[in-house]
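The values are calculated or read from the model by the stated rules, or taken from the named source; none is laboratory data. Fair warning: this is a prediction, and the values are worked out from it, not measured in the lab. Don't worry about glycine lacking a Cβ; one is built from the backbone with ideal geometry, like all the others, and counts go over all protein chains shown.
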Amino acid sequence: MKHANAWMVICIIVVLSIASRLLFLGSVREVVFDEVHFGKFISSYCCTHERFFDIHPPIGKLIIAGGAYLSGYNGSFLFESIGQPYGDTRVANIRMVSALAGALLPIIIFILLRQVGVSLVFAFVGALAAILDNALIVESRLIITDSILLSATFGALACAVASAKSIQYGRSWMWAVCAGVLSGIAVGTKFTGLTGGALVGLVFLVRAYQAGYRNAGVWIARGVLAGVVCVAVYILGWVLHFSLLNMPGDGDAWGVPTGAFWQDFTTVHRQMVSANYNLTADHPYGSKWWTWPFMVRSVFYWQGEGNRFIYLLGNPVVWWGGFIIFCIGVGKLFISFAKGRNKFLSSGSFIFLFGYFLSFIPLMRVPRVLFLYHYLTPLLFSLLFAIWWLDSVVHVKKREAIAVAASLGIVISFIYISPLTYGFMIPDRLYNIVFLVSSWR
């Protein structure tokens, strides 16, 4: 009966995830925010093969380009400016890969929570928070790579945990390979995906420590395998990058490839790191890292006719409520740890807390302008930890009532922000009400 209930919950999560990402996917038929950049990259990979330069690795863009090519996109659209009409271009087809990757994320969140022993009802709340977080939805519905990054990062972690928990020898190695593949995709999409690779390694190191001296080598070997696969996938992305971009283009200003792959590989990495850290231009919607958990500043993405907008804004209940619970949980946990109780280490949930700081702290030291979407990886780690902690302290008899209340809050808050997520028309009388915080505009 429990297994039947779990599968029913998974089915609900799948349906809601797909609906939230795919409904009205082509309704905004103009270039939105960074689609103006990523659209050019996708066109180069799939169709024109003109060289370009980007500050991020190629894999996420390659995946979207592959989906666009299979859908029949011919690269004729020029992506000249934000707000440019798409005309006859089937924009929903080009956005589809990002949307499907975004739809996978809540399922992965649910699996991770169940892997660390969270009850079915609270695991569903965690998944629902990921499904109905407005910021995650926005990032999933555009021609950008963040949904691929997030699903690959957390998918790699889920596979590593599955490998560490598997009692079947063959499956354990299989999950280790899967963790390596997804880690490679994450790092190959953005360098912040290194968090996923680091956490995969940590999972296997912890498992080796738990296995003891005699059996530690087996788990270290699995970690090494995952690392080798990760590197191989990452390099494969660059092989495809150099192979596909064989025509002159704007990227030639940064240097024309020579065939000598390793030299080109090292050169482009030096240029990417330099370009990333030397971006000095300010932006009116940039924000400081300490404001992100409080969602002080939104990011303006698009404006249509009338009161139609798209802003990057999270679900207030998920962001504010989740962060409050996260902070309380961290405080309580460290007090318990200081008193000699080691539930924190034995539960495996320390991975979530470690992941939060590992993904957040490096961003604090980045000198260039950053935006609210840079917090999405730490946000999800804080959500995972908050749900785990809440599940561990709430009495079994109270879980369903709290879960229902939390779910209602998430749904209502999602609906409140949804006009700014999907670009729906906002009546004049509601305009000032939707922008709950003045700095969101």
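With the structure loaded, tell me whether residue 363 is surrounded by fewer than 22 Cβ atoms within 10 Å (Cβ to Cβ) and part of a helix (DSSP H, G or I) or whether it fails that test. Walk me through it before giving the result.
Details: surrounded by fewer than 22 Cβ atoms within 10 Å (Cβ to Cβ): yes; part of a helix (DSSP H, G or I): yes.
Spelling it out, residue 363 is indeed surrounded by fewer than 22 Cβ atoms within 10 Å (Cβ to Cβ) and part of a helix (DSSP H, G or I).
Looking only at region 240-267, count how many residues are surrounded by 13 or more Cβ atoms within 10 Å (Cβ to Cβ), assigned to a helix (DSSP H, G or I) and without any contact (Cβ under 8 Å) to a residue 60 or more places away in the chain.
Of the residues in region 240-267, the ones surrounded by 13 or more Cβ atoms within 10 Å (Cβ to Cβ) are 240-242, 244-245, 249, 251-252, 254-255, 257, 261, 264-265, 267.
When the remaining residues are screened for being assigned to a helix (DSSP H, G or I), the result is 240-242, 244, 251-252, 254, 261, 264-265, 267.
Pick out the ones that are also without any contact (Cβ under 8 Å) to a residue 60 or more places away in the chain and you get 242, 261, 264-265, 267.
Qualifying residue count, region 240-267: 5.
So residue 305 fits all but one of (1) touching a helix residue (DSSP H, G or I) at 6+ places or on another chain (Cβ under 9 Å); (2) modelled with pLDDT of 85 or more; what number is the exception?
Tallying (1) touching a helix residue (DSSP H, G or I) at 6+ places or on another chain (Cβ under 9 Å); (2) modelled with pLDDT of 85 or more, residue 305 fails exactly one: (1).
Every residue in region 163-185 that is over 12 Å from residue 226 (Cβ atoms) and either modelled with pLDDT of 95 or more or touching a Lys or Arg at 6+ places or on another chain (Cβ under 6 Å) (or both), please.
Here is the first cut: in region 163-185, the ones over 12 Å from residue 226 (Cβ atoms) are 165-171, 185.
Within region 163-185, just 185 meets the criteria.
Does residue 293 satisfy being surrounded by 15 or more Cβ atoms within 10 Å (Cβ to Cβ), of a type outside the set (S, T, N, Q) and modelled with pLDDT under 90?
Values: surrounded by 15 or more Cβ atoms within 10 Å (Cβ to Cβ): yes; of a type outside the set (S, T, N, Q): yes; modelled with pLDDT under 90: no.
No, not satisfied.
Can you tell me which residue is surrounded by the most Cβ atoms within 10 Å (Cβ to Cβ) among those in region 203-239 that are among the small types (Gly, Ala, Ser) and under 30 Å from the mean Cα position of the chain (by Cα)? First the steps, then the outcome.
Quick first cut of region 203-239, residues among the small types (Gly, Ala, Ser) only: 208, 211-212, 216-217, 221, 223, 226-227, 232, 237.
Still in the list and also under 30 Å from the mean Cα position of the chain (by Cα): 208, 221, 223, 226-227, 232, 237.
Values: 208: 20, 221: 14, 223: 23, 226: 30, 227: 19, 232: 13, 237: 21.
Only one residue fits best here, namely 226.
Among the residues of region 53-91, write down those that are among the hydrophobic types (A, V, I, L, M, F, W, C), buried (at least 18 other Cβ atoms within 10 Å of the Cβ) and closer than 22 Å to residue 147 by Cα.
Residues satisfying the conditions are 59, 62, 63, 64, 65, 68, 79, 91.
Give me the pairs, please: first residue somewhere in region 72-90 and under 16 Å from residue 25 (Cβ atoms) and modelled with pLDDT of 95 or more, second residue anywhere and loosely packed, with under 11 Cβ neighbours inside 10 Å and of a type in the set (D, E, K, R), beta-carbon distance under 9 Å, and either six or more positions apart or on two chains.
Final answer for the pair search is none.
Exactly one condition in (1) touching a residue at least 12 places away in the same chain (Cβ under 8 Å); (2) surrounded by fewer than 24 Cβ atoms within 10 Å (Cβ to Cβ) is false for residue 166; which is it?
Failed condition: (1).
Would you check which residues across region 55-85 are outside any loop (DSSP other than H, G, I, E, B) and among the aliphatic types (A, V, I, L, M) and list them? So that I can check it myself, show each step before the final result.
The first filter runs over region 55-85 and keeps only residues outside any loop (DSSP other than H, G, I, E, B), leaving 59-70, 85.
59, 62, 63, 64, 65, 68, 70, listed by residue number.
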